[in-house]
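A quick write-up on the structure given underneath.
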């Protein structure tokens, strides 16, 4: 299964010697994987998932990506950027009652990337996903072919992008002992564990899901087994 190449890989590893010493490490013990330098849409590691998601959308004949998030969601911003790069329309189902009087940050970038925003009120991630379904149905009724991108872009198939990140880290730092990552929707940690093993990956739960560790474990099991496959598409 092929992906759509969006930025150029690999991203660099950068030493952080002063921070290392400040937290009690040796100067050459702490390195940062600079996935903020991916280049697309302001940068960010969500591009690794989106290479697989956009490929799935194009194979399905979709012309519109639909995803969910908060007003300042980096995943939403990069979905808009990836859609623009691939020639796909993008609809963002966003938490909140409406645009602020003075929008800033990613909201400005969503607009610059020509994404349509649907404000969904005060909804948690699971409720946002449910609200995206009727929007998909509405788009289908208008003649569009929508493709629903899951919360944070995460599922087992899309976690392949972070398995690739883990493989890059091993090539750049073969003696790496631990890799720390935020644990939100589970895909980043799942891919890193698939490449590096559970003993080397430290996930820091940011509270995006009630049981993010179990979600990441399920993604990892699927990613490393024979059950990887399928696509997440809008129901019609």
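Divide, for the range 50-153, the radius of gyration over alpha carbons by 2.2 N^0.38 Å, where N is the residue count.
0.98
Computed from Cα atoms, the angle from the helix 187-196 axis to the main principal axis of the chain rounds to 30 degrees. Against the chain, whose longest principal axis is taken from its Cα atoms, helix 74-86 shows a tilt of about 70°. The mean of 1/r over all distinct Cα pairs in the range 89-204, once inverted, gives the Kirkwood hydrodynamic radius of 16.6 Å. Between the beta carbons of residue 9 and residue 182, assuming R0 = 22 Å, the FRET efficiency works out to 0.60 to the nearest 0.05.
Per residue, the Cα convex hull of the range 150-218 amounts to 70 Å³. Projecting label points 7 angstrom from Cα along Cα→Cβ for residue 138 and residue 112 puts them 2.7 nm apart. Relative contact order of the range 50-153: 37 percent, from C-alpha pairs under 8 Å at least 6 residues apart in sequence. Can you give the angle from 0 to 90° between the axis of helix 47-59 and the longest principal axis of the chain, with both taken from C-alpha atoms, to the nearest 10? For helix 47-59, the angle is close to 40 degrees. Once Rg and Dmax of the Cα atoms in Å is calculated for the structure shown, the corresponding label among (1) 18.0, 60; (2) 16.7, 51; (3) 16.1, 45 turns out to be (1). Dividing the mean sequence gap of close Cα pairs (under 8 Å, 6+ apart) by how many residues the chain holds gives a relative contact order of 17 percent.
Here, each number is a calculation from the coordinates, and none is a lab measurement. All figures in this text were calculated on a predicted structure; none of them were measured in a lab. Glycine gets a Cβ as well: all are built from the backbone with ideal geometry, and neighbour counts include every protein chain shown.
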